[in-house]
1. So, in Å, what gap is there between the alpha-carbon centers of the stretch 49-109 and the stretch 126-195?
2. If you stretched the chain out fully between Glu388 and Thr140, how much longer would it get, using 0.36 nm times the residue separation minus the C-alpha to C-alpha distance?
3. On a 0 to 90° scale, report how tilted helix 2-27 is relative to the longest principal axis of the chain, with both axes built from alpha carbons and the result rounded to the nearest 10.
4. Evaluate the distance, in nm, between pseudo-label points positioned 7 Å from the Cα of Asp184 and of Asn155 along their respective Cα→Cβ axes.
5. Pairs of Cα atoms under 8 Å, at least six residues apart: use those to get the relative contact order of the stretch 35-109, whole percent.
6. Only counting other Cβ atoms within 10 Å, I'd like Leu204, Leu100, Leu383 sorted with the fewest neighbours first.
7. Mind checking the full-extension length gain between Thr306 and Asn244? Use 0.36 nm per residue of separation minus the Cα-Cα distance, one decimal, nm.
8. Kindly flag which residue pairs out of Lys159/Lys451; Lys339/Lys451; Lys43/Lys99; Lys43/Lys159 have an alpha-carbon separation exceeding 30 Å in this structure.
Amino acid sequence: MMKYFKIYSLLVLTFLFVFTSCDDEENIPAPEAGFTLPSTTFKAREVITPTNTSENGATYQWSLGNGELIYGESPSFSYSTEGSYTLTLVVQNEAGSSKLEQAITIAGILPIASFEVENIDRLIADSDVVFNNTSEDGVTYEWDFGDGATSTDVNPVHKYAQPGIYTVTLIATNEDGASEYSQDITIRTRPDELYFMDPSDFFLRRTLLGSDVITQDLVEMPGWGVGISFNTVDGMVYITDADNIDESVNKIWRLNPDGSGLEELVTGLTEPWLIDVDGNAGYIFWTDFSTGDVKRANLDGSDVQTIATYLDGFEYPEGISVYDGNVYLNDPVLDGILKISYDGSSVEQIIPEMGGIGIGIDKTNGMIYFHDQDAGAIKRADLGGNVEEGWAINLLDAADRVYGISVDVSTGKIYWTNRDSGLIGAADLSGENVETLAGSLSSPRGLTLIKNQ
């Protein structure tokens, strides 16, 4: 009896389950697709977000009519090209599916604003920031650089006076509408700079010092730019331009550190070579490679004088550095270091048998740093010509020629140009920690340091 009761109970439960399941399916209402749009005409790239008014939906599939399917209750989308499309919504649940179609027209195309910034990780104050416009389908452009300055140029160049973080905004516009794009850029404090001449390809260049050394072209010279000196008094860079073939090129120029304002100062020269400036005394001094003369002029280029010639006890001095009323010369032919008074009345060889090309003065500690061609090294001595024993910076090759030498006491560094190895070198004033700051240069010659810190 119990056996039949169990079988009966099982049959009843099975019947109730099947009946209930069928009843639940019959009670699920069928879906009904529905949506509205703010318009049936849009522009290419315009964001479209339909309002889904469907009922009883569980899943939603949208067909854009261009082969693209997207899913979701109320997704946003856009069309990339003009044309006529059928937007279709398919709504489904367990009871079935429902479909609604809507014809739409895409006419016109919105622009896309975008831009890139050259050297974005190495932007510095008071230096050109170059913006490359990568917008699509724009006709006019409005730039806001975030510092109060604006521009309507397609690819503007802008300078920031102060370091900081700036939000740059570009609005691209055409007859169908506008697009806006913004990007933050960081402008860093201007680092110290080494300016040098590279006559092999006729450029005045600068190397920005810091954690990331950068070498930039500033000005293309007509001749073999050789010498360079920065005047801390007027903030100008003075350079020599030489050419032993085209004599019209042989001149002395000056310009702003950013490369602007190039101005002829002295013309009609023979072959002006290396140069130095005493801004407080108001003089420019330079050597002449062809004649062996040492010349002087006022800062405006007037009153050119020859203060010494090769007949005064030296041969062909090249390197020149001025300090405290004296001109210090490095003469590779005489093979020695000379000292001449500003008016040329006193000529003295203070270091014999140790000549070369480059020379620089540590004006704080009264030391001379000079290239010794026979030793293939940079050496140093006091202003009296007493060479320090045991101190030397050996060059990569004994035949390497050093043209420019600059000393930075505040950082404890010495810098030099190596013409033959094509590099700018650096070391501590102790002579240790020798390194190459910039390599693969053509033929670096004159060198000057501009302090910005």
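None of the figures in this text is laboratory data; all of them are computed from the coordinates on show. Treat the numbers as computed from the prediction; the structure is a model and nothing was measured. Neighbour counts run over all protein chains shown; Cβ positions are idealised from the backbone, glycine included.
1. 39
2. Taking Glu388 through Thr140 to full extension adds about 82.7 nm, to one decimal.
3. 60
4. That separation, rounded to one decimal, is 2.8 nm.
5. 37
6. The order, fewest Cβ neighbours first, is Leu100, Leu383, Leu204.
7. 20.4 nm
8. Violating the 30 Å Cα-Cα cut-off are Lys43/Lys159.
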